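The values are calculated or read from the model by the stated rules, or taken from the named source; none is laboratory data. As the structure is a computational prediction, the values presented were derived from the model and not from experiment. In this analysis, Cβ positions are derived from the backbone assuming ideal geometry, glycine residues included, and neighbour counts consider all displayed protein chains.
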Amino acid sequence: MNELERFDWSVAIFAAREAPDTLIGVLNAVLAEVNGRRAAIDFLINGNEALAREMARQVVAKNTRGVTVRIWDISLRDKSYAWNEYVHRIWPPARSTLFLDGYVRVVEGSLVAMEGQLGESSQLLCVSAAPTQSRSADKWRAQLAATGGVVGGMHALPARTMERLRRDEIRLPLGIYRGDSLLAAIFSFDFDPTHGRWDPSRAGICWPAGFQIGVASAISVRDLRTHFSRAVRQGRGAFENKAYRHHLAIERRAPSTLPFDDKALVCGWVRQFPFAALRMAVTNPMRLLGLWEVYRQPDWTRLARDARTELVSAASPHVPPR
């Protein structure tokens, strides 16, 4: 094994609003999957110090079966910022790295399946799991079968991909909604839009792997609000797709030169193509609201400057940030 690959699996779990019981359930599922392997699990709790402290209290009292489990309190509530912190500062080198959302529960046997598929080809830069239980699992699986891509809720990267992300200093724009689609595009170009040939199969789907998302028995007012907010973010995502595709596929610029934040990314494209942006906005009210949401985003530069990342607790052998 490469000397940089200290673990068999590193696992990054992103959380912000989840209940502690939900996260402990996610942890139990991951612990069962990495049983017998050298593994490090990092909870990246962004924008919720109280949740980070409570998770630290519960994990310290828990038998983690010899697996390193660390709780991080990241003051800025933004998944892209947390992703950047993990990839470039926190990541404990491993043969494979699993990225997991805090509301997603891993299906038994998934890590073995993903590990096997990643080892089949050096051309494979990412594998994603497909949902087995969610409100729209069948529709989601059909879409993945047709288009592939990166599933933000659960995907795995081999060490070669993690090392390339770090070496090329690739970071996600802060505030971006379509971070998973952006990663899929970067992988499809093999990190190099100037010379790389577009090949979406570099980001594959591991069908034997899967994940579950809890489904409420009845639709509540809160569910309706969540659905509306998601529709607005998807409208914003349509502009993000246009912007990063222009950056990568048209201008053939390196991923490391992406703008610092989502507002700069989208607004730069809108200024360059105002009539195309106008057509997109006036033909779809969710896109119009999404574009308005982009312009209302905070000053990410200032927020990032003032942000802090703190290791709250570590169970089992301590692995310091690099």
Requested in this report: Return the residue satisfying two criteria in turn: it lies in region 2-44 and is in contact with a strand residue (DSSP E or B) (Cβ under 8 Å, 6 or more places away or on another chain) and of a type in the set (D, E, K, R), and of such residues it is farthest from Tyr81 (Cα to Cα).
Outcome: Arg37
Report summary line: Reported set for region 1-19 where residues are free of Cβ contacts under 8 Å to residues at least 40 places away in the same chain and within 20 Å of the chain's Cα centre (by Cα) is Arg17, Ala19
Query - Residues that are in contact with a Pro (Cβ under 8 Å, 6 or more places away or on another chain), touching a residue at least 12 places away in the same chain (Cβ under 8 Å) and under 22 Å from Phe14 (Cα atoms), drawn from region 138-150 - result: Gly149
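On the basis of being touching a helix residue (DSSP H, G or I) at 6+ places or on another chain (Cβ under 9 Å), farther than 20 Å from Leu183 by Cβ, assigned by TED's automatic domain parsing to the domain that holds Leu174 and not in a helix (DSSP H, G or I), does Phe99 make the cut? Reasoning before the result, please.
Values: touching a helix residue (DSSP H, G or I) at 6+ places or on another chain (Cβ under 9 Å): yes; farther than 20 Å from Leu183 by Cβ: no; assigned by TED's automatic domain parsing to the domain that holds Leu174: yes; not in a helix (DSSP H, G or I): yes.
So Phe99 does not fit the description; no.
Yes/no matrix, rows are residues, columns are (1) under 30 Å from Arg17 (Cα atoms); (2) crowded, with 16+ Cβ neighbours inside 10 Å; (3) modelled with pLDDT under 95:
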residue	(1), (2), (3)
Glu120	no, no, yes
Arg141	yes, yes, yes
Leu157	yes, yes, no
Thr161	yes, yes, no
Report task. Enumerate the pairs (first residue in region 258-286 and closer than 21 Å to Ala185 by Cα and in contact (Cβ under 8 Å) with a residue 40 or more places away in the chain; second residue anywhere and of a type in the set (Val, Ile, Thr) and surrounded by fewer than 18 Cβ atoms within 10 Å (Cβ to Cβ)) with beta-carbon separation below 9 Å, excluding pairs fewer than 6 apart on the same chain, so at least 6 apart or on different chains. Result -> Phe260/Thr301; Asp261/Thr301
Requested in this report: Say whether the condition of being among the charged types (D, E, K, R), over 22 Å from Arg6 (Cβ atoms), more than 17 Å from the chain's Cα centre (by Cα) and surrounded by fewer than 21 Cβ atoms within 10 Å (Cβ to Cβ) is met by at least one residue in region 59-80.
Outcome: yes
Report task. Hey, can you tell me all the residues within region 195-211 that are of a type in the set (Val, Ile, Thr) and not in a strand (DSSP E or B)? Result -> none
